[in-house]
Amino acid sequence: MASSQFKRAQAKARQEMKRRVAEVQARVTKDIDYAFESLLQEQPDLSLKMEGALEEVLRMTATIDGELEEIASVAELERLDRRIEFIEEQFEDIEAELYGRPRRRRKRRPNLFDFFRQATGGGGWGGDSSDPQSEVRTAADAFAVLGLEEGSSYTAVTKAFRKKAKELHPDSRDGDRSGESQLRKLIAAYQYIKTIYNWGEDKPAPGSPNP
C-alpha cells in the first residue's frame with residue numbers, strides 16, 4: 001500500500017512540474033512575439049536582448065521537460081523541482097523588464113516535500129518523521145532559520161538562503177546527508193517568507209529594520 005501511494009505521489013509531483021513547465025513555455029512564446037512585434041522598431045537593443053533571454057528560458061524548459069520523462073527517483077525529482085523554481089524566478093525578472101512593470105508576486109505552490117511525506121505516512125525522507133514546516137510558523141521563525149532579522153530585504157534573504165543551502169547540501173559535504181533535516185527546514189523557511197512578502201522587491205517589510 002505504501003509503495004502504491006508513493007508511486008502515485010511521484011506521478012502527481014511529475015504532473016505538477018510538467019504543468020509549470022508548460023505554463024512558462026506558453027508565456028515565453030507570447031513574450032517573444034511581443035518583443036519582436038512591439039519593441040523591435042522603437043527599442044531594437046531591448047528587443048534583441050529580451051528575445052535572447054526568452055529563447056534561453058525555452059531551451060532550459062525543453063531540457064527539463066525531456067528529463068521529466070526519464071527520472072524515477074525522489075532525489076532527481078527534487079533537483080528538477082529546484083531547477084524549475086530557479087527558471088521561474090529568472091523568467092519573472094525577464095518579464096518585468098520586458099513590460100516595464102514591477103515583478104509579479106508568484107502564488108504559493110505545493111511543496112514537493114509534501115507529496116512524499118503524505119505518501120510515506122509522514123516519514124518521507126530517510127525515515128525522518130519531522131515536518132520542517134511545523135517548525136516555521138511565523139515570519140520571525142523563518143528569518144531566524146536564515147540567520148536574519150525579521151523583515152530583511154529580498155537580496156539578503158536570497159543570499160542567505162543560497163549560502164546555507166549550498167553548505168547543507170550533500171553534494172557540498174562529500175555525500176554526507178546528515179544536514180538534510182536542516183536543509184528541509186531552510187527550504188520551508190524560504191518558501192514561507194516568499195508567501196508573506198512582495199517577493200522581488202529589494203526592500204524590508206514595513207516597520208522592520210534593514211539588515
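The values are calculated or read from the model by the stated rules, or taken from the named source; none is laboratory data. Owing to the predicted nature of the structure, the values given are computational and were not obtained by experimental measurement. Positions of Cβ are backbone-derived with ideal geometry, glycine not excepted, and every protein chain shown enters the neighbour counts.
How many residues are more than 24 Å from Asp93 (Cβ to Cβ) and either assigned by TED's automatic domain parsing to the domain that holds Glu85 or surrounded by fewer than 20 Cβ atoms within 10 Å (Cβ to Cβ) (or both) when one looks only at region 148-168? Qualifying residue count, region 148-168: 3.
Within region 155-190, the set of residues being touching a His at 6+ places or on another chain (Cβ under 8 Å) and of a type in the set (A, V, I, L, M) comprises Leu183 only.
Output the residue which, of all residues in region 98-110 that are modelled with pLDDT of 80 or more and in contact with a helix residue (DSSP H, G or I) (Cβ under 7 Å, 6 or more places away or on another chain), is surrounded by the fewest Cβ atoms within 10 Å (Cβ to Cβ). Going through the qualifying residues, I end up with Pro102.
Please work out if Val74 is modelled with pLDDT of 85 or more and either out of contact with any Lys or Arg (no Cβ under 6 Å at 6 or more places or on another chain) or assigned by TED's automatic domain parsing to the domain that holds Tyr99 (or both).
no
In region 1-24, the residue that is nearest to Met60 (Cα to Cα) out of those that are at pLDDT 90 or above and exposed (fewer than 15 other Cβ atoms within 10 Å of the Cβ) is Ala22.
If you check Thr29 against the conditions, is it assigned to a helix (DSSP H, G or I), modelled with pLDDT of 85 or more and surrounded by 14 or more Cβ atoms within 10 Å (Cβ to Cβ)?
Here the answer is no, as Thr29 does not meet what is asked.
For region 50-70, the condition of being hydroxyl-bearing (Ser, Thr, Tyr), in a helix (DSSP H, G or I) and on the phi < 0 side of the Ramachandran plot holds for at least one residue. Screening the candidates Arg14, Arg59, Arg20, Arg27 for the property of being touching a Lys or Arg at 6+ places or on another chain (Cβ under 9 Å) and not aromatic (Phe, Trp, Tyr) yields one hit, Arg20.
When Asp176 is tested against (1) assigned to a loop (DSSP other than H, G, I, E, B); (2) at pLDDT below 70; (3) surrounded by fewer than 17 Cβ atoms within 10 Å (Cβ to Cβ), exactly one condition is not met: (2).
Asp65 versus (1) within 17 Å of Ile94 (Cβ to Cβ); (2) surrounded by 14 or more Cβ atoms within 10 Å (Cβ to Cβ): which is the lone unmet condition? It is condition (1) that Asp65 fails. Would you check if Phe113 is surrounded by 15 or more Cβ atoms within 10 Å (Cβ to Cβ), in a helix (DSSP H, G or I) and modelled with pLDDT of 90 or more? Against the criterion (surrounded by 15 or more Cβ atoms within 10 Å (Cβ to Cβ), in a helix (DSSP H, G or I) and modelled with pLDDT of 90 or more), Phe113 does not qualify. The conditions of being at pLDDT 75 or above and within 16 Å of the chain's Cα centre (by Cα) are met by Glu88. Within the set Ser153, Ser172, Ser181, the sole residue that is of a type in the set (Ser, Thr, Tyr) and touching a Ser or Thr at 6+ places or on another chain (Cβ under 9 Å) turns out to be Ser181.
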